Amino acid sequence: MLHERLDLCILSRFSGAMPKKRVSLADLAKELDTTPATVSRGLRNDPRISAAMKEKIQALALARGYRPDPETSRLMAHIRSTRDRQTDSVLAILSDARHPEELAEDPYTRKVIEGARARAEALGFRMEILRLREPGMTQSRLETILYTRAIHGVLIPPQADLPHDIVLPEHHVAVVAATAARAHLHLHRVFPDHFANICTLLDQLAAQGRTRIGLVSTPDMEERQRNAPLAAMQWFAARSVGVKIVPPMIIGQSGGSVRDWFLKHKPNALLGPDAWVVDEIRDVAGGYDQTAVALFGNLRDGFAGIDEQPGVIGSAAVDLLSSQIVRHETGIPRHPKSVMIAGAFHPGLSLPIR
C-alpha cells in the first residue's frame, strides 16, 4: 500500500509538468500554407526566399517557440554541405598584384595559398585566381564574373600593396580575409595571433638572459598586426622582473635613425620586422652574442623568429569560407568573426643559446 501511495503521489505531482510537443517545421508550414522546405530555408535566411516570407516564417517560429532539433540540424548541414560541394565547387583568390606571378613571390603568401588550395581540394572545391588589376575590372564586372563562373566563396590572401579602397564583392558570395591588414574592411578573418607571438619571442629572449630588449617597427607593420608589437612590449614590461624594455623605435615616427636609437638605448636584444634591421646597426651591434635579434615578420634564413603557420591560416580560411557557403551567408557580414592562429618559435643563429 505504501508503494502504491508513493506512486500516486509522484504521478499527481508531475502530471502537470509533462513536456509539450515539440513544434516542427511541418507545423509551421501548415500554418503558413507552404512547405517545410520553404520554412527551413526561411529560417536559414536563404536568398531564394523573399524578405517578406522570411519575416513571416521567423516571426511565427518565434511566437510558437520553435527550436530546431540539434541532431537533425547536424545531419542536414552535412547533406547540404555534400550537395553544395558537388554543384558549387569553385572558390576564388582575390589578387591585387600588378603581375600574375607577383602574388606568389612572397614566401608567406605563397604558403597561405598552398594551405588554402590543399584544404579546398580536400573539401571538394577547386580554386582560381581573380586579378583586380585586369583591364576594365570594376565592381560590376567583378560581380558578373563571380556570378557567371558560379563562384560562391572568395579568399583575400596577405598582399603587401593591398589598397585601402580595394574592390570587394558585395553580394552572392562568402568572403574571408587571411590577413589582419586593412582592419576597416568588415570581413571574417583568419590571421596570426600577433600579440601571443610577440610574447613568445620576448619569453625566449628573457630566458636567454637578455635584460634590455628593444622593438624596431614601422607604421605599416603596426597597422598590419593591429599594434600587437607595441601592445605586447608594454604588457611584458609591466609584468617582467629584471628585464628592461627600452623605448620603441617606430621608423618615420620616432625621429632619427635606427643606428642613433640603438646607440642611445643600448639594447642587448631587439625585435624587428625583417632582416634589414641588422644592416642598420651592423657596425655598432657587436654580433649576435652581444645583440640578439628575433624577427616578428617573415622568417628569414639564419634568424630566430616566429613561424606564423601560414599554411594553417590558409587552410582555416577555407574552412571558414566553406561553413559560410553551407549556411548561405553572403556579402559583408554584420558581425565579422576573427580566428587567430598561434605561431611557434623558430630558433636561429641570431639568438644564440647561452
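Every number here is computed from the coordinates shown, using simple stated rules; none is lab data. As the structure is a prediction and not an experimental result, all values here were calculated from the model. When we count neighbours, we look across all protein chains shown, and the Cβ atoms used for this are built from the backbone with ideal geometry, even at glycine.
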Expressed in nm to one decimal, what extension gain is obtained for the pair Q253 and R48 from 0.36 nm per residue of sequence separation less their Cα-Cα distance? 68.6 nm
Estimate the FRET efficiency between A118 and R212 by the formula 1/(1 + (r/R0)^6), using the beta-carbon distance for r and 41 Å for R0, to the nearest 0.05. 0.45
When the chain is fully extended, how far beyond the present Cα-Cα distance does L62 get from E128, taking 0.36 nm per residue of separation? 19.6 nm
As a percent rounded to 5, the proportion of antiparallel DSSP bridges among beta bridges in the chain is 10 percent
May I ask for the net charge around S254, where only other residues with Cβ less than 11 Å from the Cβ of S254 are counted and Lys, Arg are +1 while Asp, Glu are -1? 0
So what are the three principal axis dimensions of region 257-300 from its Cα atoms, in whole Å, longest to shortest? 27, 23, 15
If amide H atoms are built 1.01 Å from N in the plane of the peptide, which residues on other chains or at least 5 residues away come under 5 Å of the amide H of V293? L270, L351
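Under unit Cβ charges (Lys, Arg +1; Asp, Glu -1), what dipole magnitude, rounded to 20 debye, does the chain have relative to its Cα centre?
It comes to approximately 1280 debye.
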Projected area averaged over orientations for region 194-308, convex hull of C-alpha atoms, nm²: 6.5 nm²
Which entries of K21/K54; K266/K337; K111/K337; K264/K337; K111/K264 have Cα-Cα distances beyond 32 Å here? K266/K337; K264/K337; K111/K264
Taking neighbour counts of Cβ atoms within 10 Å as a proxy for exposure, in what order, fewest first, do V312, V112 appear? V312, V112
FRET efficiency (A26, S323; Cβ distance; R0 22 Å; to 0.05) is 0.20
Taking R0 as 56 Å, what's the FRET efficiency between E143 and D279 from their Cβ-Cβ distance, rounded to 0.05? 0.80
Top mean-square fluctuation among M137, M233, M221, Gaussian network model of the chain, C-alpha springs under 10 Å? M137
Percent of C-alpha pairs per 10 Å bin, the chain, short to long: 5, 20, 23, 18, 14, 10, 6, 3, 1, 0
How far apart, in nm, are the 7 Å Cα→Cβ label points at S338 and K244? 3.3 nm
Mean residue ellipticity at 222 nm from the helices of the chain, using -39,500 (n - 2.57) per DSSP H segment of n ≥ 4 over the full residue count, to the nearest 500 deg cm²/dmol? -13500 deg cm²/dmol
